[in-house]
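The values are calculated or read from the model by the stated rules, or taken from the named source; none is laboratory data. Nothing here was measured: the structure is a model prediction, and the numbers come from that model. So basically every Cβ, Gly included, is an ideal-geometry build from the backbone, and we count neighbours across all protein chains shown.
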Amino acid sequence: MSKQYDVVVIGAGPGGYVAAIRCAQLGLKTACIDKWIGVDNRPALGGTCLNVGCIPSKALLESSAHYEDINHTFGEHGITASGVALDLAQMMARKDKVVSDLTQGIAGLFKANGVEWHQGHGKLLPKQQVAVTAHDGKQSVLEATHVILAPGSSSVEIAAAPLAEGVIVDSSGALAFDKVPQRLGVIGAGVIGLELGSVWRRLGSEVVLLEAQGSFLGAADEQIAKEALRQFKYQGLDIRLGARVTSCEMGETGVAVQYQDAEGEYTETVDKLIVAVGRRPNTEGLAADEVGLLLDEWGFIHVNEQCRTNQPSVYAIGDAVRGPMLAHKGSEEGVMVAEVIAGQKAEINYDTIPSVIYTHPEIAWAGVTEQALKAAGRDYNVGTFPFAASGRARAAGDSSGMVKVIADAVTDRVLGIHIIGAHCSELIAQAVIAMEMGASSEDLAMTVFAHPTLSESIHEAALAVDGRAIHIPNRKKRQ
Ligand code: FAD
Ligand code: NAD
């Protein structure tokens, strides 16, 4: 006989596992099916984010930043070290331990909340039934009142650069090199290309990024993207825009990458090549044809604002549905759907979801960009403040970048905050809270910030909207 649940969740990434825990908190009998096999060859919860995404990439970004600091930055502080050596195996082992501690933590949370973990592949059948194929091939069927689909996404592959074990790799492969490549190619100068390119550059690789678009970081504010490009080039990331890879040839010592731009055709030989050109939803084989689950032309599951699919009592969340492919976006959708299922009123403000790129300097933003407002013909005011004028940033010896506050010209409501600079992954939360509360730039200007902090730069940028910043000359003068 099949088992009966209030909710069955397919996928235990940050979308699915959060949805499952919230459902259980709300008193719903919940099962969560996931097929992931972790670094230690055992089933693991947490999906892409914990196993091969957010967490391992941040572990390596942190470790590689320490290595770069000790070699290049600490001297300025009067700290020198000799005999500094890189133990890459230890760095990787530490990253793997961070991952396994956290994935086991989710297993503990499932247990504590009474979520049943089914290890294997889940497939949606008609009438909210879900077929489970366990890793040993054993089949079973779960019956549910509601189903939440959270299958996540996988790296896009391109015909011009087919993956080749350990040499042409996706982001997962790039998190597990056993040697620092001398010359590293990256196709795609997006979020993954920049983060992982930074990791390996800090550890000693010469990094060349081949980006098909003629512009850099199209989703970011143009002024911030321009500053980011300048900083990354200064650090030694060789970013080539408008570069279209046409083919790759594997040789004995590496890969010859052929590409073209507006000026001509080139070959670049690298030891390793990372393909980081975006991600696609994992919706193949997710639902039986008879279910009639509606997908769009790219394979994303069609959902409305409350993440309801075209099938009654079937919801979908996370990377497999529209919107940014970000862990926190999937998790919030998981909470919303659980609460909707429990009969509560729940919604998400998609306009204030923050984006962060964890390079150095970091890049973070929430809300609209200046170029989008220009294109929409909307009147706005802008205030910027450079970290070079921040006492705290100068004391830290880390003062590149700026804060930019954009406010509506008529209502003064904050429409967007864009930051490039150290620790702005943390600062951006202030922008999100301000926008969630409907703050004006005047509200931020009237708020008292602790001194000396990086946060003061948000205060100063808000003051600058109206020509009142204290620690920079203002272009706009006001009494
Ligand atoms: P996933 O995390 O992909 O999880 C889906 C799970 O479902 C997987 O475990 C999968 O095995 C399982 N599954 C799929 N189909 C089935 C099925 N039919 N049956 C059973 N199980 C199934 N985002 C950020 O916000 N911040 C970051 O810093 C960040 N860094 C990243 C770095 C890298 C290198 C990568 C690749 C991604 C990063 N992301 C980051 C993106 C983030 O990882 C994703 O947005 C997030 O994991 C999506 O969550 P999800 O729950 O939708 O799917
Ligand atoms: P992305 O969309 O950020 O960047 C892909 C880049 O590749 C783009 O600039 C695109 O123009 C370029 N491109 C596409 N096809 C190309 C080709 N054939 N040749 C050269 N360039 C090409 O995607 P990503 O970096 O692969 O990351 C995937 C997703 O994972 C993103 O949506 C991102 O949100 C998420 N992610 C988030 C974080 C974070 O939040 N810090 C970190 C890593 C990944």
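Annotations
- Residue match in segment 342-355 (condition: of a type outside the set (A, V, I, L, M), part of a strand (DSSP E or B) and over 19 Å from GLU460 (Cα atoms)): yes
- Within segment 137-175, being surrounded by 15 or more Cβ atoms within 10 Å (Cβ to Cβ) and away from ligand 2 (no atom under 16 Å from the Cβ) holds for LEU142, GLU143, ALA144, HIS146, VAL147, ILE148, LEU149, VAL167.
- Qualifying residue in segment 75-89 (condition: charged (D, E, K, R), modelled with pLDDT of 95 or more and touching a Phe, Trp or Tyr at 6+ places or on another chain (Cβ under 8 Å)): no
- Restricted to segment 403-414, and to residues there that are out of contact with any Leu (no Cβ under 7 Å at 6 or more places or on another chain) and surrounded by fewer than 22 Cβ atoms within 10 Å (Cβ to Cβ), the residue that is farthest from SER455 (Cα to Cα) is VAL410.
- Residues that are part of a helix (DSSP H, G or I), within 26 Å of GLY114 (Cα to Cα), touching a residue at least 24 places away in the same chain (Cβ under 8 Å) and within 16 Å of ligand 2 (Cβ to nearest atom) are absent from segment 59-73 altogether.
- Some residue of segment 267-281 being without any contact (Cβ under 8 Å) to a residue 12 or more places away in the chain, loosely packed, with under 13 Cβ neighbours inside 10 Å and over 30 Å from LYS123 (Cα atoms): yes
- Any hit, segment 445-461, residues being at pLDDT 95 or above, over 29 Å from the mean Cα position of the chain (by Cα) and assigned to a helix (DSSP H, G or I): yes
- Those residues of segment 361-391 which are surrounded by fewer than 19 Cβ atoms within 10 Å (Cβ to Cβ), assigned to a loop (DSSP other than H, G, I, E, B) and out of contact with any strand residue (DSSP E or B) (no Cβ under 8 Å at 6 or more places or on another chain), in sequence order: ALA376, GLY377
- Answer residue from segment 302-341, given it is assigned to a loop (DSSP other than H, G, I, E, B) and among the small types (Gly, Ala, Ser) and is farthest from ALA288 (Cα to Cα) among those: GLY323
- Qualifying strands (runs of 3 or more DSSP E) (wholly inside segment 81-199; at least 2 residues being under 28 Å from GLY218 (Cβ atoms) and more than 14 Å from ligand 1 (Cβ to nearest atom)): 183-187
- When ALA225 is tested against (1) within 16 Å of ligand 1 (Cβ to nearest atom); (2) closer than 21 Å to MET325 by Cα, only condition (1) is not met.
- Qualifying residue in segment 204-221 (condition: within 30 Å of ALA12 (Cβ to Cβ), of a type in the set (A, V, I, L, M, F, W, C) and outside the structural domain of ASN71 (by TED's automatic domain parsing)): yes
- Sole exception among (1) in a loop (DSSP other than H, G, I, E, B); (2) assigned by TED's automatic domain parsing to the domain that holds GLN182; (3) within 16 Å of ligand 2 (Cβ to nearest atom) for GLU252, by number: (3)
- The set of residues in segment 196-248 being touching a Gly at 6+ places or on another chain (Cβ under 6 Å) and on the phi > 0 side of the Ramachandran plot consists of GLY242 alone.
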